[in-house]
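One structure is given below, encoded as structure tokens.
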Amino acid sequence: MYLLVPLGRLLRPLNVLLMALTYVLGAGIARYLGTSTRSQTFWLGLAGVLLAQVAMGLLGGVFRGDTSSADDSEARRQETVREVALYTSISALAACAVIAYVLYTHGTLTPASLICLSASVLVILLYAVPPLRLSDRGFGELLLAIHIAYLGPAIGFLLQAGTFHLLLNTSILPLTLLLLATYLVLDLPSYAEDLKSKRVTLLIRLGWENALRLHHGLLLAAYALLGTSLLFGYSLALLAPAFLTLPFAALQWIFLRNISRGARPIWSLLTANAIAVFGLTTYFLTLSFWLR
């Protein structure tokens, strides 16, 4: 039991849940475009992307900085957690390879889907494994956003449709920007502690003032990109549900503006609102594609 709690933290269940949601979105876009959903491929792909996200989270903890402690028992416990996380992540990646092989034998994998699967592995390695380990250099949030909000739905789509489609990018590029903005907000409560411990996040690398400017720009760009769907002939009604989260985005902008002016932050409310902006936008889009 004493291992489950620290392993649960390394897993970052929120990221795994978001990966599941974005994958279902990608499969829904393929269904909307007229591709018959292949149930076995759908479930195998879902298992694969979830295992990949689990491996990404665990490997991120395995190669984290020094865990030395004045308490020898605590140091041993942390080392045990690392070992279990390493073996679990290797097992998860091995299971992903088996799933990819099964999909290949069924003729499901196309060149485009193979590229996305390879990109997923590359992102995981860049994020977690030395010598690059970009999560320690302030780029971890960017890689997470790409992995969850772009590669996740792209894999879900390609396993069904086989090739890319403009509607896919129209839908998931804005979500990638929204998720990156969400991670900037989620880094805020630990900003002082991260500075003290010299942990480099994207927020630390940019500085909080520049990070807030980037956050606002990401929100504006995300909703603007969703609006460009009209230029490509898509019905406004198709992507309109995504704009139901605009009040949450506006509220988030107000919260951050007030904090920058010295207001006392309510971190729990700000965090919940940031997750809602991305989570509900993705959920509404998913419903829209699956119900049409």
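The values are calculated or read from the model by the stated rules, or taken from the named source; none is laboratory data. None of the values given here were measured: they were computed from a predicted structure. Positions of Cβ are backbone-derived with ideal geometry, glycine not excepted, and every protein chain shown enters the neighbour counts.
Quick check: is even one residue across segment 137-148 within 30 Å of S235 (Cβ to Cβ) and touching a His at 6+ places or on another chain (Cβ under 7 Å)? Quick ask: steps written out before the conclusion?
Of segment 137-148, the ones within 30 Å of S235 (Cβ to Cβ) are 145-148.
From what's left, touching a His at 6+ places or on another chain (Cβ under 7 Å): none.
The answer is no, given that none of the residues of segment 137-148 is within 30 Å of S235 (Cβ to Cβ) and touching a His at 6+ places or on another chain (Cβ under 7 Å).
Quick one: H216 ticks every box in (1) loosely packed, with under 15 Cβ neighbours inside 10 Å; (2) over 27 Å from V16 (Cβ atoms); (3) in contact (Cβ under 8 Å) with a residue 40 or more places away in the chain bar one, so which box is it?
(1) is the only condition that H216 fails.
When you check T245 against the structure, is it assigned by TED's automatic domain parsing to the domain that holds P174, under 20 Å from T286 (Cβ atoms) and β-branched (V, I, T), yes or no?
The answer is yes for T245.
Quick check on T228: is it among the polar types (S, T, N, Q) and within 20 Å of R31 (Cα to Cα)?
So T228 fails the test.
It is to be established whether one or more residues within segment 66-88 are in a helix (DSSP H, G or I), in contact with a Pro (Cβ under 7 Å, 6 or more places away or on another chain), over 20 Å from G152 (Cβ atoms) and touching a residue at least 60 places away in the same chain (Cβ under 8 Å).
For segment 66-88, residues in a helix (DSSP H, G or I), in contact with a Pro (Cβ under 7 Å, 6 or more places away or on another chain), over 20 Å from G152 (Cβ atoms) and touching a residue at least 60 places away in the same chain (Cβ under 8 Å): present.
Please count how many residues of segment 124-142 are surrounded by 21 or more Cβ atoms within 10 Å (Cβ to Cβ) and within 23 Å of A97 (Cα to Cα).
Of the residues in segment 124-142, the ones surrounded by 21 or more Cβ atoms within 10 Å (Cβ to Cβ) are 124, 127-128, 135, 140-141.
Restricting the remaining residues to those that are within 23 Å of A97 (Cα to Cα) gives 124, 127-128.
Adding up the residues that qualify gives 3.
For segment 223-240, check the following and say yes or no: at least one residue is under 28 Å from G60 (Cβ atoms) and not aromatic (F, W, Y).
no
How about segment 226-264: which of its residues are assigned to a loop (DSSP other than H, G, I, E, B) and either within 20 Å of the chain's Cα centre (by Cα) or surrounded by 15 or more Cβ atoms within 10 Å (Cβ to Cβ) (or both)?
Of everything in segment 226-264, just one residue is assigned to a loop (DSSP other than H, G, I, E, B) and either within 20 Å of the chain's Cα centre (by Cα) or surrounded by 15 or more Cβ atoms within 10 Å (Cβ to Cβ) (or both), namely Y234.
Do we find that G162 is farther than 25 Å from P13 by Cβ and among the small types (G, A, S) in this structure?
So G162 passes the test.
Inspect segment 265-272 for any residue being surrounded by fewer than 19 Cβ atoms within 10 Å (Cβ to Cβ) and either closer than 24 Å to G28 by Cβ or among the charged types (D, E, K, R) (or both) and give the result as yes or no.
no
Let me confirm something: among G217, G279, G233, which residue is on the phi > 0 side of the Ramachandran plot and either touching a Leu at 6+ places or on another chain (Cβ under 7 Å) or not polar (S, T, N, Q) (or both)?
Selected residue: G233, the only one of G217, G279, G233 that is on the phi > 0 side of the Ramachandran plot and either touching a Leu at 6+ places or on another chain (Cβ under 7 Å) or not polar (S, T, N, Q) (or both).
Return the only residue of G152, G156 being under 27 Å from A272 (Cα atoms), over 13 Å from the mean Cα position of the chain (by Cα), at pLDDT 95 or above and crowded, with 23+ Cβ neighbours inside 10 Å. It would help to see each step written out before you state the result.
On the way: G152 fails: over 13 Å from the mean Cα position of the chain (by Cα).
Unique residue meeting the criteria: G156.
Return the total of residues in segment 164-198 being in contact (Cβ under 8 Å) with a residue 12 or more places away in the chain and either under 18 Å from F289 (Cα atoms) or buried (at least 16 other Cβ atoms within 10 Å of the Cβ) (or both). Steps first, answer last, please.
Taking segment 164-198 and keeping what is in contact (Cβ under 8 Å) with a residue 12 or more places away in the chain, we get 164-168, 170-189, 191.
Now narrow it down to the ones that are either under 18 Å from F289 (Cα atoms) or buried (at least 16 other Cβ atoms within 10 Å of the Cβ) (or both): 164-168, 170-188.
Adding up the residues that qualify gives 24.
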